[in-house]
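Working notes for the structure below.
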Amino acid sequence: MTTPFPFPREYSFPPFFTRQTNLTTHHAQLTKWSALVLAYCRHHRLFKLSLSDDTDLFHNRALSRRLALADAREVIEFLRKDGRAEYAGGDAAATADGGDVVWIYWRTPEEWAALVEGWVEETGQKGGVLTLYELTEGDATRGTELHGLDSDLLQKALSVLVKRGRAQIFGQEDSQGVKFF
Amino acid sequence: MGNNSSRVTAQDKAILDLKTQRDKLHQYQRRITVLTDRETQIARQMLAQGDKKRALLALRRKKYQETLLAKTDGQLEQLEKLTSSVEFALIQKDVVFGLQQGTRVLKEIHAEMGGIDHVEKLMGETADAIAYQQEVSEMLGGRISNQDEDEVENELAALEAEVNMTAQIRHPSLPSVPDTKLST
């Protein structure tokens, strides 16, 4: 949890932070940045990125190099095409003022859905009722990948299962529960 | 959607309510734990500054919060016991239902078999038929053995003599080899 993130070699390479003009190099640059963003968020278990935040992801203080906001958006766009990013607030917000908060899916909602289903299967909780709170904050999931999962992302994952008819969500806002079939 | 009515029963909703209460208590405990940790920190700081009175105050507050924690622990246990009982009762209900189904099917099969009397009569008829068959076999089998028994015995004696003869020809009795030195 608190181990520092191991940055890849290119992070110490100043041109990495400058948009390359050569098409091939640019593509390679985008690919490397995408991988870096995913790995960074996975390591720190960040589910959302705020593009205006001055984190050490886009800003290498040792090199005094920073990836420009427009270039960061390009990386996000690259991830979006791969289904690994999504602007919180929908595409409308993205095009209007360029959204600031982005979901980074180092694990997509489908992948989370599979994880949830797997855990429910393993612990023999099919047919039982679980609160959404206990799925991410309860003692039962402590130590598993599910613990600490963002609740909005959990909702996304669960709706994948609901669509497939594998689960049903019920209850009032703030105290919702889910039943798995 | 709306194809079928919700697969969530009233009992599920009841269990959800119980679990929501448990979650609220859980969250409350976490809040209190944060407070107790802070009080310990404050106490340490006060001692470092040499303010023993304030440190004592912080520790007293922490003690009070810890009793709150203990009380909520008890309540949590009650809630969890009740939730387990409800869940277990649901399982038992399923078991009873399963038993009902199974017994019903058994009864149906018994009815198809026609009842105990019918089975007894059937067994009796089967035994008669088998006995009849035995008699017939004995009659047929017995006749044959009476007629040919002697002939078969004669054939066996002849074969036996033949076998001994061939054994003699193959291995005629040879003179025994002297085992002492011959006198020349």
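The values are calculated or read from the model by the stated rules, or taken from the named source; none is laboratory data. The shown structure was predicted, so the numbers you read here are calculated from the model rather than taken from an experiment. For neighbour counting, all protein chains shown are included, and Cβ atoms are generated from backbone atoms with ideal geometry for every residue, glycine included.
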Given the criterion out of contact with any strand residue (DSSP E or B) (no Cβ under 9 Å at 6 or more places or on another chain), away from chain A (no Cβ under 11 Å) and free of Cβ contacts under 8 Å to residues at least 60 places away in the same chain, identify the matching residue among B:54, B:30. B:54
Please work out which one of (1) assigned by TED's automatic domain parsing to the domain that holds residue A:34; (2) surrounded by 14 or more Cβ atoms within 10 Å (Cβ to Cβ) is the condition residue A:175 fails and give its number. (1)
For the structure I just gave you, tell me whether residue B:62 is in contact (Cβ under 8 Å) with a residue 40 or more places away in the chain and surrounded by 15 or more Cβ atoms within 10 Å (Cβ to Cβ). no
Considering B:11, B:21, B:45, which residue is over 50 Å from the mean Cα position of the chain (by Cα) and either modelled with pLDDT of 90 or more or under 26 Å from residue A:169 (Cβ atoms) (or both)? B:45
Among (1) surrounded by 12 or more Cβ atoms within 10 Å (Cβ to Cβ); (2) within 14 Å of chain A (Cβ to nearest Cβ); (3) not polar (S, T, N, Q), there is one condition residue B:38 misses while meeting the rest; what is its number? (2)
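To keep it simple, each residue is scored yes or no on (1) modelled with pLDDT under 90; (2) under 23 Å from residue A:6 (Cβ atoms).
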residue	(1), (2)
A:41	no, yes
A:58	yes, yes
A:70	yes, no
A:77	no, no
A:93	yes, no
A:100	yes, no
A:105	no, yes
A:109	no, no
A:119	no, no
So is residue B:176 modelled with pLDDT under 90 and not acidic (Asp, Glu) or not? yes
Need the failing condition index for residue A:181 against (1) buried (at least 16 other Cβ atoms within 10 Å of the Cβ); (2) within 11 Å of chain B (Cβ to nearest Cβ), just the number. (1)
Selection within region A:139-159 - over 14 Å from residue A:46 (Cα atoms), buried (at least 18 other Cβ atoms within 10 Å of the Cβ) and free of Cβ contacts under 8 Å to residues at least 40 places away in the same chain: A:141
Return the residues of region A:140-169 that are among the hydrophobic types (A, V, I, L, M, F, W, C), touching a Leu at 6+ places or on another chain (Cβ under 9 Å) and closer than 25 Å to residue A:88 by Cβ; say none if nothing qualifies. A:146, A:149, A:154, A:157, A:158, A:167, A:169
Would you confirm, using the coordinates I've provided, whether residue B:77 is at pLDDT below 90, within 14 Å of chain A (Cβ to nearest Cβ) and either out of contact with any Leu (no Cβ under 7 Å at 6 or more places or on another chain) or exposed (fewer than 10 other Cβ atoms within 10 Å of the Cβ) (or both)? no
Given (1) buried (at least 16 other Cβ atoms within 10 Å of the Cβ); (2) assigned by TED's automatic domain parsing to the domain that holds residue A:53, identify the lone condition not met by residue A:77. (1)
So, in region A:117-137, exactly how many residues are under 21 Å from the mean Cα position of the chain (by Cα) and surrounded by 15 or more Cβ atoms within 10 Å (Cβ to Cβ)? 8
Do we find that residue B:90 is within 14 Å of chain A (Cβ to nearest Cβ), hydrophobic (A, V, I, L, M, F, W, C), surrounded by 11 or more Cβ atoms within 10 Å (Cβ to Cβ) and closer than 30 Å to residue B:42 by Cα in this structure? no
